Each structure stands twice: as C-alpha cells, then as structure tokens.
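Working notes, structure below.
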Amino acid sequence: MIKTWELDPSFKYEIMKEPGGEHITSCYQCSTCTIGCPITELVPDYNPRKIIQMSLLGMRNEVLTSPDLWICLICQTCTARCPQDVRISDLLGAIRRIAEKEAEAGKLKIDSSRPLFDKAFQHQLEKHGRLYDMGLAMEYYPKKEGSFISGMKAMMKDYKDFGMRMFKKGKMGPKAMLPVKVKDRTVIKKIFEEMGEK
Amino acid sequence: MSVSKMAYYPGCPSEGTAMDQDMSTKAVFEKLGVELVEMDDWNCCGAAEVEDPRLVYALNARNLAIAEKEGLDIVTPCSICYYNLERSNQALKADEDLRTKVKGIDNSLGYNGKIRAKHVLDVFMNDVGQDELKSKMSKKLNIKVAPYYGCYLGRPRETAFDDPDDPVLMDRLIELAGGEVVPFSQTKTLCCGGPLMMTRSDIAFAMSRKILDAARSAGADCIALACPLCGMMLDGKQADIEKALNVTLGMPVVYITQLLGLALGIDAKKLGLNKNAVDTKELLGKVV
C-alpha cells in the first residue's frame, strides 16, 4: 500500500534536473518499454514502466533502493520504441546516478555491486585514459568481496578459464598485464574533475 | 566510392580480447583502398560504464577534435564506441554552450562540429558501396550465417543507421559475399547481456545463451557480429556459458570484418581467424 504522506512529490523534478531524466513527465504509462524489454523476459518482476510511475508518484526511497535499477542493460530497446520519447535508458541512468550520490552520502544502501564496478571503471579511465582490464578487475573484485584475498579468489573463479583461453589465442600476453596509457593524461583528469560527479 | 581516407578509432579491446577485430578491420580497409589513419593518442569513449552524458560528451570531444584536426571522419569497428562518439558529436554540434564549456576544460577539447563518426558496417555498405565491394570480392562464402546486430546500430533513432527491429545491412553484405543468411529476425537485435557480465553474470549468460541457441536452431554455421563486447560474450565466454549452464553450444562466432575479409581473398591468419575462441577451421573450408 502506498502511504501518501510519505511521498515526495518533488522527486520527479529532482530526476528532471539530472541529464537524461528530462523527459520523465511525458510518460503516459503505456508499457511499451516493459513489453519489449529483454530483461523483463528473463526476470518477470522487472518493470521499467512501474519504476517510472513510482518516480512520478514520488516514491523516492522505494525507487532509489530498488535492486531493479541495476539490472537494466542500457540496450536502448525501450528508448527506441517509446511513443512519448521518454528516453528510458537515459532516464534510468539518471535515477541510478541519484541513487549513487545518496549511497555515497550514506543516506541509503544499494543492493547491487554495479555501482562499484562502474566507479572502478571510471577510476581506471581517469588514471589511464583507456580501459585497463587487469587494473579494473584488481580494483573491483576486492571491493565487491570485502577483502583483497576473497576478491582475488572470486576473480580467479570467474576469470581463470577465460584468461587461459585468451592467453592461448595470444590475446592476453604479458602486455595485457600493463595498462596502455594516453599520453595526455592531465586532460583526462581535468575532464573528470570538471564534468564528473562532485 | 566516396571515401579514400578515414580517422581510425580502434577502441580499447583492440589490443586485447578483440585484436582479431582490429586486425581484420585494418586488412579489409587496406584491400578496399581506404587509408586508415589511427587517431593520435585517442582516449576511451566511456563505454557502457560512464553513464553521465556530460562526461561522455567531454571525453569524446577530445577524440572528435583529434580527428577534426586531420580533417577526417572517424570510423570504428565497435558499436558502443560508435554510439558514444556519434551521440557526443550530435550533442556538441547542436549546443554551442556545451562546446564552449568543454573547450573551457582544455583547449585540446575544442571541437567545431565539422566531422562525424561512423561504424564500419555503415562505411562498407553506404560509403564504399555494394558495387565496389562486389567488384573486389574474389571468393565465395558457402557459409550459413546468423547476422547478429545487437544494440546501437539500429537504435536509438538519432544515431541509428539501420532499422531498429529488422536491420538488414549485415544480411546484404553476407549475401553479397555469397553466404546464406539463416532466419534470425527474432534474435538479431537482442542485447548480448555484456553490460551485466561483471555484476550479474547469471543474467548476462542467459542473454548470450539465447542468441547462441537461436543461431544453432536456425542451422547457422556461424554468427557474424560487429561489436567487441558481443564478441567477448558470444565467442570469448562461450565455453564459460556452456560450463555454467551445462549445455553444448559449439557455435563459431566471427566479426563481420573477418567474413568480408575472407570474401575479399585476404589470408585467414591476417584476419586473425586463428584467434577466435571457438574454432573457425570448419568455416575456412567453406570459402571457395
């Protein structure tokens, strides 16, 4: 049951201020996004239309703590089909960023390791200017598992076979252990400082 | 043919898990007589993990400015890089304030909106053109192919260069090379699950399995694709998917640049066809 006195009617405006969230009020709840969603096909409870409606109603806490936010593939199927141009892929990204900011401020807990992964990716990119798989895995897994040792164990479990396979094909030699760096890294750092989340 | 020289944006996996895509892209363009100039000191496009559009635009303003200095349009073999480069291009072109703001970060981000970014498939079919491609093909592919497009080639609308629900450019290219396109319309634009690989591998594997299963039941000899993340999921991780879900798939997966390269008579090794995780030898026997 929705407790109307707990709703935050300004939530939709908060979302609209975040890049990607501008079009949320165009939604008329037709469900085209959800009917075509490949995640809904696998996880029947996953419902982007419902996330939008809950946001419009102001169910701020329920939306921002919903684990469903983190299983969107950003595959753009919903965006391409939406008759109201709500740009749902971008919209969910905007809501995810609000949730991340709130989690960083200690105001809520996110039930997914995806923010950790995205942050680790961005951190590596800020450092090197390019994707560095090894550095990313070394940063992500310990954070996800809570300690370096258990992180390395989980990484080995996930990537031992894959790594060996790539090594045999000459795709993961000693070179892959080291990052390929952009020469002008000060600019990349400046981009993150100026445009990144404050 | 309306194109003779392009700025090449290889994308981060080009030196690792997708080096076969990089090798075949270079070899094919060389054969087609289009010079690729690798962009000097390019940076990552932000992939799927940088979700803040402001960051994506600024990161790619730097890339776009590098190519603009050379006066060349960008070509990339990666669907995600293409999407990020071209949507940044469109946002920067349309918004002078954004251009000014981005240039304020550093002069090297000063982009004037004079070029555009393209995906290799778009360049092959719409710039080089089918007649030119056909005239350079020396081999026939007696291969049944499941053309897999994934995301970003046909959607979203602003950057798409093919139909969102039933894209056809890869189908046409395969047919041009004498290959047979198996019925794959229901599956060709499904996401591979790649963006969830590191956080929900159960979902990612189930997504990839659907595509591999569909190709198998359609009677395909191989899947053709055009994105290194799809390549990593469907080819690189196929054995992991088989193990995790206790299934046998055994479906060869090749980049569309590798298939085109074979039709153009380029040596299989030069196309990196010995580097695909699922063996491609059987396919090579069907190139005549």
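The values are calculated or read from the model by the stated rules, or taken from the named source; none is laboratory data. Since this is a predicted model, take the numbers as computed values, not measurements. All Cβ positions, even for glycine, are placed from backbone atoms using ideal geometry, and neighbour counts span all protein chains on display.
Checked against the criterion of being over 18 Å from B:ASP20 (Cβ atoms) and among the charged types (D, E, K, R), the candidates B:GLU242, B:GLU282 yield just one match: B:GLU242. Considered as a group, the residues in region A:76-94 that are buried (at least 20 other Cβ atoms within 10 Å of the Cβ) and more than 8 Å from chain B (Cβ to nearest Cβ) include one that is farthest from B:GLY46 (Cα to Cα), and that residue is A:CYS82.
Would region B:157-169 turn up any residue that is more than 20 Å from the chain's Cα centre (by Cα) and modelled with pLDDT of 95 or more? The answer is no, given that none of the residues of region B:157-169 is more than 20 Å from the chain's Cα centre (by Cα) and modelled with pLDDT of 95 or more.
Among the residues making up region B:217-254, those that are touching a Leu at 6+ places or on another chain (Cβ under 9 Å), within 22 Å of B:PRO77 (Cα to Cα) and in contact (Cβ under 8 Å) with a residue 60 or more places away in the chain are B:CYS222, B:ILE223, B:ALA224, B:LEU225, B:ALA226, B:CYS227, B:GLY231, B:LEU234.
Yes or no, residue by residue, for (1) modelled with pLDDT of 95 or more; (2) surrounded by 16 or more Cβ atoms within 10 Å (Cβ to Cβ); (3) facing chain B (nearest Cβ under 9 Å); (4) farther than 26 Å from B:SER201 by Cα:
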| residue | (1), (2), (3), (4) |
| --- | --- |
| A:LYS17 | yes, no, no, yes |
| A:ILE24 | yes, yes, no, yes |
| A:TYR46 | yes, yes, no, no |
| A:LYS50 | yes, yes, no, no |
| A:ILE71 | yes, yes, yes, no |
| A:ILE74 | yes, yes, yes, no |
| A:GLY106 | yes, no, no, yes |
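If only residues of region B:1-25 that are in a helix (DSSP H, G or I) and under 21 Å from A:GLY135 (Cα atoms) are counted, the one that is farthest from the other protein chains (Cβ to nearest Cβ) is B:SER14. Tell me, yes or no, whether region A:160-179 has at least one residue that is closer than 28 Å to A:GLU62 by Cα, of a type in the set (Lys, Arg) and outside the structural domain of A:LYS50 (by TED's automatic domain parsing). Taking every residue of region A:160-179 in turn, none turns out to be closer than 28 Å to A:GLU62 by Cα, of a type in the set (Lys, Arg) and outside the structural domain of A:LYS50 (by TED's automatic domain parsing). Which of the residues spanning region B:256-276 are farther than 15 Å from B:LEU32 by Cα and either touching a Ser or Thr at 6+ places or on another chain (Cβ under 6 Å) or surrounded by fewer than 14 Cβ atoms within 10 Å (Cβ to Cβ) (or both)? Passing the criteria: B:LYS269, B:GLY272, B:LEU273.
Total residues in region A:159-179 satisfying the condition of being within 7 Å of another protein chain (Cβ to nearest Cβ) and at pLDDT 90 or above: the figure is 7.
Could you check region B:133-155 and list, in sequence order, the residues that are in contact (Cβ under 8 Å) with a residue 40 or more places away in the chain and buried (at least 19 other Cβ atoms within 10 Å of the Cβ)?
Those that are in contact (Cβ under 8 Å) with a residue 40 or more places away in the chain and buried (at least 19 other Cβ atoms within 10 Å of the Cβ): B:LEU133, B:LEU141, B:ILE143, B:VAL145, B:ALA146, B:PRO147, B:TYR148, B:TYR149, B:GLY150, B:CYS151, B:TYR152, B:LEU153.
Inspect region B:254-275 for any residue being of a type in the set (A, V, I, L, M, F, W, C), farther than 20 Å from B:SER138 by Cα and either in a helix (DSSP H, G or I) or in contact with a helix residue (DSSP H, G or I) (Cβ under 8 Å, 6 or more places away or on another chain) (or both) and give the result as yes or no. Looking through region B:254-275, none of the residues is of a type in the set (A, V, I, L, M, F, W, C), farther than 20 Å from B:SER138 by Cα and either in a helix (DSSP H, G or I) or in contact with a helix residue (DSSP H, G or I) (Cβ under 8 Å, 6 or more places away or on another chain) (or both). Taking the conditions (1) surrounded by fewer than 23 Cβ atoms within 10 Å (Cβ to Cβ); (2) outside the structural domain of A:LYS12 (by TED's automatic domain parsing); (3) modelled with pLDDT of 95 or more in turn, A:GLY129 satisfies each one other than (1). Being surrounded by 19 or more Cβ atoms within 10 Å (Cβ to Cβ) and more than 9 Å from every other protein chain (Cβ to nearest Cβ) is a property that A:ARG97 lacks.
The criterion of at least 2 residues that are within 12 Å of chain A (Cβ to nearest Cβ) and under 21 Å from the mean Cα position of the chain (by Cα) is met, among helices (runs of 4 or more DSSP H) falling completely within region B:26-140, by B:53-70, B:79-94.
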